[in-house]
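Participant: Shown below is the structure under consideration.
The values are calculated or read from the model by the stated rules, or taken from the named source; none is laboratory data. Here the structure is a predicted model, which is why all the values come from computation and not from measurement. No Cβ is skipped: glycine too gets one built from the backbone with ideal geometry, and neighbour counts run over all protein chains shown. In case anyone asks, the SASA skips ligands and DNA or RNA and just uses the protein heavy atoms, side chains included. Shrake-Rupley method; radii C 1.70, N 1.55, O 1.52, S 1.80 Å.
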Amino acid sequence: MADGIEQKSSNQMWGGRFASGPSAIMEEINASIGFDKKLYAQDIRGSIAHATMLAAKAIISDEDKDKIIHGLNTILSEIEAGTFEFSRKLEDIHMNIEARLADLIGPAAGRLHTARSRNDQVALDFRLWVKEELQKTEGMLTALITAFLDRAQEHADTVMPGFTHLQTAQPVTFGHHCMAYVEMFGRDRARVRHAIEHMDESPIGAAALAGTGYPIDRHMTANALGFREPTRNSIDTVSDRDFALEFLSIASICATHLSRLAEEIVIWSTPQFGFIRLSDAFSTGSSIMPQKKNPDAAELVRAKTGRINGSLIALLTIMKGLPLAYSKDMQEDKEQVFDSAESLELAIAAMTGMIRDLEVRVDKMRDAAGSGYSTATDLADWLVREAGLPFRDAHHATGHAVALAEKKGCDLADLSLEELQAINPAITAGIFDVLSVEASVASRTSFGGTAPSEVRKQIAWWRTKN
Ligand code: ARG
């Protein structure tokens with residue numbers, strides 16, 4: 001009776017959704033099959049390697065091993081054909097597959113889990129998944145870098161304003177600007193490669209946390225699964241999610257780069273800037289204002305960064321309070337990584353498409369490059385070089401020239417020789433050679449500078465790395 005009363009009042013509080021009581025709530029909070037079914041291929045691959053090793057070490061018979069592998073391959077086809085029935089009652093991908101294996105091959109299925117726990121099994125599956133995702137990311141970044149290298153080559157001589165504080169600073173080339181992104185995505189790719197190397201250790205065989213008394217061969221499974229070596233500490237192995245955190249931090253940094261680029265695309269494609277025109281494929285019209293072409297893809301890339309950064313913070317927070325070794329909290333690692341991986345892939349793909357397709361408006365860039373007294377530094381440098389002025393004095397004199405041009409509403413190059421000489425008598429007609437934006441960029445030949453000759457060297461260097 002007491003039970004009945006409690007059940008009734010509890011139900012009122014929980015509401016209709018959990019009408020069947022605590023067991024339904026437990027099932028819902030506990031189950032991960034809704035998302036970890038994504039790991040089916042890795043789980044099956046891991047189980048085949050494990051069963052093969054168990055037989056090689058005479059822990060199970062060859063006959064059972066053959067049955068297990070045959071059953072696992074059948075399950076793989078069932079899942080791929082969409083005929084496999086996932087059950088939430090069976091909690092996760094590991095138990096769903098094992099239960100089906102028992103249906104298919106009977107008692108031999110029970111031998112697969114010898115010398116293994118779901119703790120090392122999930123660590124293995126997830127690590128394999130993240131490693132493959134990183135390999136995919138590496139290829140996608142290479143495609144993005146290639147798109148930038150091609151545009152940089154095409155526009156090594158295209159002059160545009162370079163900005164600091166989003167105020168016109170000095171003329172640069174569009175090629176040079178593109179190459180800045182090559183550097184950024186090149187670093188992302190290096191981080192990806194490093195992370196792959198870092199996580200290249202096999203968790204399987206750590207068992208629940210303490211290892212096992214069965215005479216397993218962890219080097220054999222590591223080798224079969226394409227890992228460099230097995231992990232060295234079984235406690236760390238089942239409690240470690242650094243590989244997922246590294247994936248998310250790399251994704252966050254890369255998404256931050258993508259977001260800055262997206263922001264520039266948004267700004268550059270406004271009529272006010274007009275530096276680029278996005279292809280129709282990566283923009284949309286407005287339902288009310290017929291003149292508009294909106295950079296939606298860039299805006300969404302910018303927004304995806306929020307999700308990805310959020311996932312990094314979520315997993316850091318999940319992990320920060322966990323005592324060693326495994327805790328169920330860690331089940332919450334997957335959705336963060338899966339969601340970020342999907343967002344990052346989409347963002348890189350969209351950006352690669354946008355960069356390949358965008359129309360560069362060379363005239364608009366050039367006009368803007370000459371405005372805002374962008375060659376003022378060149379004037380000051382000329383005074384230092386040709387008239388022997390200390391840089392600070394040259395800076396001061398140039399300030400006067402800018403003020404005069406501003407008052408007259410013209411560019412520096414439009415001031416007359418007399419006007420310039422009134423500011424500093426050492427000025428000669430030679431000054432006009434450095435006041436053009438082309439002369440300005442051509443002069444910046446320091447290593448890594450914006451001169452077209454320098455930018456071409458950087459492109460050639462990157463081509464050998466790509
Ligand atoms: N579904 C679990 C996860 O994703 C698998 C590991 C469960 N281990 C355990 N001891 N209950 O973390």
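Participant: Quick check on my link table: of Lys293/Lys408; Lys364/Lys465; Lys293/Lys457; Lys89/Lys328, which ones sit more than 25 Å apart, alpha carbon to alpha carbon?
Facilitator: Details: Lys293/Lys408 37 Å; Lys364/Lys465 33 Å; Lys293/Lys457 36 Å; Lys89/Lys328 17 Å.
Correct reply: Lys293/Lys408; Lys364/Lys465; Lys293/Lys457.
Participant: Would you work out the relative contact order for the chain, in percent, from Cα pairs under 8 angstrom that are 6 or more residues apart? Please list the in-between numbers first.
Facilitator: Details: 653 pairs, mean separation 74.2, N = 466.
With pairs under 8 Å counted, the relative contact order is 16 percent.
Participant: While we're looking at this one, here's another question. So who's got an amide H within less than 5 Å of the one on Ala169, skipping anything under 5 residues away but keeping other chains? H placed 1.01 Å off N, in plane.
Facilitator: Counting only residues 5 or more places away or on other chains, the set is Gly162, Phe163, Thr164.
Participant: What angle, in degrees between 0 and 90 and rounded to the nearest 10, separates the Cα long axis of helix 452-465 from the longest principal axis of the Cα atoms of the chain?
Facilitator: Value to nearest ten degrees: 20.
Participant: Now for a separate question. Starting from the coordinates of the alpha-carbon atoms of the stretch 315-358, obtain the Kirkwood hydrodynamic radius over all distinct pairs and give the value in Å to one decimal. Each step should come with its number before you reach the end.
Facilitator: Numbers: mean 1/r = 0.0790 Å⁻¹.
Hydrodynamic radius (Kirkwood, Cα only) of the stretch 315-358 equals 12.7 Å.
Participant: Dipole of the chain (Lys/Arg Cβ +1, Asp/Glu Cβ -1, origin at the Cα centre): which of Asn73, Ala451, Val384 lies farthest to the positive side?
Facilitator: Asn73
Participant: Relative to the longest principal Cα axis of the chain, at what angle does helix 118-154 sit, 0 to 90 degrees, rounded to 10?
Facilitator: Roughly 20 degrees, rounded to the nearest 10.
Participant: Amide H to amide H, which residues 5 or more places from Ser202 or on other chains are under 5 Å from it, using H placed in the peptide plane?
Facilitator: So Ser202 has HN proximity to Glu229, Thr231.
Participant: Continuing with this model, one more query. Which log10 I(q)/I(0) values does the stretch 132-205 give at q = 0.13, 0.17, 0.20, 0.26 Å⁻¹ under the Debye formula, counting every alpha carbon as one identical point scatterer?
Facilitator: Values, matching the q order: -0.52, -0.72, -0.85, -1.07.
Participant: Something else now. Set Lys and Arg Cβ to +1 and Asp and Glu Cβ to -1, take the dipole of the chain about its Cα centre, and tell me which of Ser343, Cys178, Phe247 lies farthest positive.
Facilitator: Phe247
Participant: Take every Cα pair under 8 Å in the stretch 297-409 that's 6+ residues apart, average their separations, divide by the length, and report that relative contact order as a whole percent. Can you show the working numbers first?
Facilitator: Values: 49 pairs, mean separation 24.7, N = 113.
After rounding, I find 22 percent.
Participant: Along the Cα-to-C-beta direction of Asn294, a point sits 7 Å from the Cα; which residues of the stretch 319-348 have their amide N less than 20 Å from that point?
Facilitator: Zone members listed by number: 347.
Participant: Using a 1.4 angstrom probe, figure out how much accessible area the chain has per residue, in square angstrom, rounded to the nearest whole.
Facilitator: Values: 22160 Å² over 466 residues.
Accessible area per residue, the chain: 48 Å².
Participant: From zero outward in steps of 20 Å, how is the percent of C-alpha pairs of the chain spread across the bins?
Facilitator: 20, 37, 27, 13, 4, 0
Participant: Give, as a single signed number, the net charge of other residues whose beta carbon lies under 15 Å from the beta carbon of Ser416, with Lys and Arg counted +1 and Asp and Glu -1.
Facilitator: -2
Participant: Next up: Using +1 at the C-beta of Lys and Arg and -1 at the C-beta of Asp and Glu, which of His113, Tyr40, Leu412 has the Cα lying farthest in the positive direction of the dipole of the chain?
Facilitator: The residue sitting most towards the positive pole is His113.
Participant: Magnitude of the Cβ-charge dipole of the chain, K/R +1 and D/E -1, about the Cα centre, nearest 20 debye?
Facilitator: Roughly 180 debye, rounded to the nearest 20.
Participant: Using θ = phi - 60° and the Karplus relation 6.51 cos²θ - 1.76 cosθ + 1.60, list the HN-Hα couplings for the stretch 294-302 in order, rounded to whole Hz, with x at every Gly or Pro.
Facilitator: Working through the residues one at a time gives 9, x, 4, 4, 5, 5, 6, 4, 4 Hz.
Participant: May I ask for the angle, rounded to the nearest 10°, between helix 174-198 and the longest principal axis of the chain, with both axes built from Cα atoms and the value confined to 0 to 90°?
Facilitator: Helix 174-198 and the main axis of the chain meet at about 20 degrees.
Participant: Relative to the Cα centre, what is the charge dipole magnitude of the stretch 191-334, using +1 at the beta carbon of each Lys and Arg, -1 at the beta carbon of each Asp and Glu, and rounding to the nearest 20 debye?
Facilitator: Details: 16 positive and 17 negative charges, 95 e Å.
The dipole of the stretch 191-334 has a size of about 460 debye.
Participant: Within 12 Å, Cβ to Cβ, of Ala207, how many net charges do the neighbouring residues add up to if Lys/Arg are +1 and Asp/Glu are -1? It would help to have the intermediate numbers written out before the result.
Facilitator: Numbers: positive: Arg116, Arg118, Arg218; negative: Asp120.
Neighbour charge sum, excluding Ala207 itself: +2.
Participant: Continuing with this model, one more query. Could you pull out every residue, at least 5 positions away or on a different chain, whose amide H is within less than 5 Å of the one on Gly285? Hs are placed 1.01 Å off N in the peptide plane, and Pro or chain starts have none.
Facilitator: Under 5 Å from the amide H of Gly285 lie the amide H atoms of Asn294, each far enough along the sequence or on another chain.
Participant: Please give me the summed charge of the neighbours of Arg228: other residues whose Cβ is under 15 Å from its Cβ, Lys and Arg +1, Asp and Glu -1.
Facilitator: Working: positive: Arg127, Lys131, Arg193, Arg218, Arg232; negative: Glu197, Asp200, Glu201, Glu229.
So the surrounding residues net to +1.
Participant: Ok, one more. Hey, what do the phi angles of the stretch 22-39 turn into as Karplus ³J(HN,Hα) couplings, whole Hz, using 6.51/-1.76/1.60 and θ = phi - 60°, x for Gly and Pro?
Facilitator: Along the stretch 22-39, the couplings run x, 5, 5, 5, 4, 4, 5, 6, 8, 6, 10, 4, x, 10, 7, 5, 4, 8 Hz.
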